[in-house]
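Scroll down for the structure; my scribbles are underneath it.
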Amino acid sequence: MLYMPIIVLFYQENGLSLRDVLTLQAIYSIAIIVLEIPSGYLADVWGRKNTIILGAILGTLGFAVYSFSYGFLGFLIAELILGIGQSFISGSDSALLYDSLKLNNKEKHYIKYEGRILSIGNFAETIAAIAGGFLAEISLRTPFYWQTAIAFIAIPAAIMLIEPYRVQQNKSKALAQILSIVKFSLFKSRHLSVNIFFSSIIGCATLTMAWFIQAYLKDVQNFSEYQIGIAWSILNLSVGIATIFAYKLEKYFGSFLTLLLILIIISGSYIFIGITDLKIVFVIIWLFYIARGVATPVLKDYINRLCKPEIRATVLSVRNFIIRIFFACFGPMVGWIADLYSIHTAFILTGIIILISGTIMFVIYIPFLINKSSQSSID
């Protein structure tokens, strides 16, 4: 992700306000929302490998469009292509990993392997952030040219994936089956629904931070493009390290304390960043990204444990669907507040909303955390 450390600066250079940036990302989220669950279902019936290949092709096309676009409309087309492509990958990748581990009787180690994959990705993004910062010195558009070439590498990588055999879903009555899985995930299984909603609140919070931190570093801390690239690389390196040890931390603290700490750090970081500009704020941002690194593999694992193999990709897509709905509604509003009042106000408001909504879900979650036996798989 060469472009990520400078993406907001790139938007601003092309005439977009912070509200426009968040609106653009909301539209990207809507594109994912429209296809998120159907694409997850398609992965279950057509094959996870096939949908990942399709997503990789669309990802390459999306970045190619970005490379030659100069305004909101061009960026919108690129985001729609990327959103559709991401919807085909989202959920399919984690489901393929879990099924592969289950085939080898290693599904209990999912957090470890999911964390390892995420850490490798974050280490790669750490290197990319530094490289992207250097490339941005040429022009803010240069990282997108190189990003298109990097995205292309995902196509042969996806083709080389091996998908384990599993019982395929009946392809007839697809809509009815999708609705049945959604109903089960969000309403029928209370344990699963609480996991999904809590995970979605945290996911929305980390996604929102990714789109605010660049503007904060530039406008409040007066960072240059190169300094933002360095800061971004340090943060992603921290995420990568945290994901490696996520399974050990979860085992050491236990489910209850792990989730409570994630909620406190994620919401508290927003509030703290909003009320002070002291240099200690960088420690708080660092803690936020550590919590993010732990949260992603842990919360996905909790959901995977409650899913049958033949619906796993669809259920994970339901989670991503909810995250994107939250962000599509929440992002533009917070961006508007940042433009109208200040980025500090936006941070404080975001922290309060995350704290209140997350606390409600956590309280509902407590009975399941106390009764550990209820966390066993329904396979």
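What the table below lists for this structure:
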item: Qualifying residue in the range 299-320 (condition: touching a Cys at 6+ places or on another chain (Cβ under 8 Å), of a type outside the set (S, T, N, Q) and over 19 Å from Asp99 (Cα atoms)); result: no
item: Some residue of the range 41-49 being surrounded by 24 or more Cβ atoms within 10 Å (Cβ to Cβ), of a type in the set (A, V, I, L, M, F, W, C) and in a helix (DSSP H, G or I); result: yes
item: So Ala26, is it in contact with a Gly (Cβ under 9 Å, 6 or more places away or on another chain), part of a helix (DSSP H, G or I), in contact (Cβ under 8 Å) with a residue 12 or more places away in the chain and within 29 Å of Ser100 (Cβ to Cβ); result: no
item: Flag if Ile284 is at pLDDT 90 or above and either in contact with a Phe, Trp or Tyr (Cβ under 7 Å, 6 or more places away or on another chain) or acidic (Asp, Glu) (or both); result: yes
item: Residue under evaluation Met209, criteria (1) within 20 Å of Gly351 (Cα to Cα); (2) free of Cβ contacts under 8 Å to residues at least 60 places away in the same chain, criterion not met; result: (2)
item: Residue identified as touching a Lys or Arg at 6+ places or on another chain (Cβ under 6 Å), surrounded by 19 or more Cβ atoms within 10 Å (Cβ to Cβ) and modelled with pLDDT of 80 or more among Ile196, Ile201; result: Ile196
item: Looking only at the range 253-271, and only at residues there that are in contact with a helix residue (DSSP H, G or I) (Cβ under 9 Å, 6 or more places away or on another chain) and without any contact (Cβ under 8 Å) to a residue 60 or more places away in the chain, the one that is nearest to Glu107 (Cα to Cα); result: Gly254
item: Scope the range 1-23; condition assigned to a loop (DSSP other than H, G, I, E, B), more than 18 Å from the chain's Cα centre (by Cα) and at pLDDT 85 or above; matching residues; result: Asn14, Gly15, Leu16
item: Of all residues making up the range 316-372, the number that are farther than 28 Å from Ala31 by Cα, hydroxyl-bearing (Ser, Thr, Tyr) and in contact (Cβ under 8 Å) with a residue 24 or more places away in the chain; result: 3
item: Subset of the range 303-321 [in a helix (DSSP H, G or I) and over 16 Å from the mean Cα position of the chain (by Cα)]; result: Asn304, Pro309, Glu310, Ile311, Arg312, Thr314
item: Enumeration of residues in the range 93-105 that are closer than 12 Å to Arg312 by Cα and either free of Cβ contacts under 8 Å to residues at least 12 places away in the same chain or under 14 Å from the mean Cα position of the chain (by Cα) (or both); result: Asp93, Ser94
item: Residues of the range 217-252 that turn out to be free of Cβ contacts under 8 Å to residues at least 40 places away in the same chain and outside any helix (DSSP H, G or I), as a count; result: 3
item: Pair list, Cβ < 7 Å and 6+ apart or interchain, from the range 106-129 residues that are touching a residue at least 60 places away in the same chain (Cβ under 8 Å) to residues that are outside any helix (DSSP H, G or I); result: Glu125/Met1; Ala128/Met1; Ala128/Leu2
item: Index of the failed condition, Ile275 passing every other in (1) surrounded by 17 or more Cβ atoms within 10 Å (Cβ to Cβ); (2) touching a residue at least 60 places away in the same chain (Cβ under 8 Å); (3) among the aliphatic types (A, V, I, L, M); result: (1)
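Matching residues to (1) within 28 Å of Ile273 (Cα to Cα); (2) β-branched (Val, Ile, Thr); (3) within 24 Å of the chain's Cα centre (by Cα):
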residue	(1), (2), (3)
Gly133	yes, no, yes
Leu192	no, no, yes
Thr208	yes, yes, yes
Trp211	yes, no, yes
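The values are calculated or read from the model by the stated rules, or taken from the named source; none is laboratory data. Everything numeric here is computed off the predicted structure, so don't read it as measured data. Cβ coordinates were reconstructed from backbone atoms using ideal geometry, including for glycine residues, and neighbour counts include every protein chain displayed.
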